[in-house]
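Here is the structure we will look at.
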Amino acid sequence: MHNNTPDNKNKQQETQTDKETTNYISEACYYLKEIGLNYTQIATKMQLPETQIRKLHKTYSNKIKKGQATKSQEDQKFWENFYHDTEGNVKITFAGKNGFHHCRKTDLENMDNKTLMTIFEDCKQFLETDIHKAFLNHKPPAGFDPMILTREIKKAAQITEEILNQRWKKEKQEPTP
């Protein structure tokens, strides 16, 4: 009897996929714990039971101890970025007088109004001088987007404006002493 039937091949592929998925989730659990999340937070993010998260974390920790996996700053940074992005704390690229700068949304939220207004104005000025600005309202092309920087600057201006508007609304609602 031959083991290469279509059903056996499908089962082998499913088993391989399950192993890869488990390894991936196990790595995620390990690094999310490393950046300071507790098991409950990780379980909520992964939509898995906390007991399974603990087991997956232990599995990856053991792989590192046995030399079957290597702890790396790059992997930790990847999972840290993953976490921030899923929390809505996206990376922002904005235009400034001295070039382009990067930060996270929470960094903008922690800046004072004067700094935010400067960032907003610099982004708007950049967008006004971009010869391709008319194309910003169109859907980006599939694959390479030659206007990615311009789209990022537009996003930074929108987020900065949103933060400033929220602050101004809050200030209007607060009684003056």
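The values are calculated or read from the model by the stated rules, or taken from the named source; none is laboratory data. Not measured: the values here are computed from a predicted model. Glycine also receives a Cβ, built like all others from the backbone with ideal geometry; neighbour counts cover every protein chain displayed.
Name the one entry in T93, T129, T106 that is within 30 Å of K45 (Cα to Cα), exposed (fewer than 15 other Cβ atoms within 10 Å of the Cβ) and either among the β-branched types (V, I, T) or touching a strand residue (DSSP E or B) at 6+ places or on another chain (Cβ under 8 Å) (or both). Before you say what the answer is, go through the steps one by one.
Working: T93 fails: exposed (fewer than 15 other Cβ atoms within 10 Å of the Cβ); T129 fails: within 30 Å of K45 (Cα to Cα).
So the residue among T93, T129, T106 that is within 30 Å of K45 (Cα to Cα), exposed (fewer than 15 other Cβ atoms within 10 Å of the Cβ) and either among the β-branched types (V, I, T) or touching a strand residue (DSSP E or B) at 6+ places or on another chain (Cβ under 8 Å) (or both) is T106.
I need the helices (runs of 4 or more DSSP H) fully contained in region 78-177, keeping only those with at least 2 residues that are within 19 Å of the chain's Cα centre (by Cα) and farther than 30 Å from C29 by Cα.
Numbers: elements: 105-109, 113-129, 148-173.
Fully inside region 78-177 and qualifying: 148-173.
In the set T44, T15, T40, T22, which member is in contact with a helix residue (DSSP H, G or I) (Cβ under 8 Å, 6 or more places away or on another chain), outside any loop (DSSP other than H, G, I, E, B) and modelled with pLDDT under 95? Outline the logic, then answer.
On the way: T44 fails: in contact with a helix residue (DSSP H, G or I) (Cβ under 8 Å, 6 or more places away or on another chain); T15 fails: in contact with a helix residue (DSSP H, G or I) (Cβ under 8 Å, 6 or more places away or on another chain); T40 fails: modelled with pLDDT under 95.
Testing whether each residue is in contact with a helix residue (DSSP H, G or I) (Cβ under 8 Å, 6 or more places away or on another chain), outside any loop (DSSP other than H, G, I, E, B) and modelled with pLDDT under 95 leaves just T22.
Regarding region 109-120, can at least one residue be identified that is surrounded by 12 or more Cβ atoms within 10 Å (Cβ to Cβ) and within 28 Å of M46 (Cα to Cα)?
Yes, region 109-120 contains a residue that is surrounded by 12 or more Cβ atoms within 10 Å (Cβ to Cβ) and within 28 Å of M46 (Cα to Cα).
Hey, does region 58-67 have a residue that's touching a helix residue (DSSP H, G or I) at 6+ places or on another chain (Cβ under 9 Å), closer than 18 Å to Y83 by Cα and part of a helix (DSSP H, G or I)?
Within region 58-67 (the criterion being touching a helix residue (DSSP H, G or I) at 6+ places or on another chain (Cβ under 9 Å), closer than 18 Å to Y83 by Cα and part of a helix (DSSP H, G or I)), the answer is no, since none of the residues qualifies.
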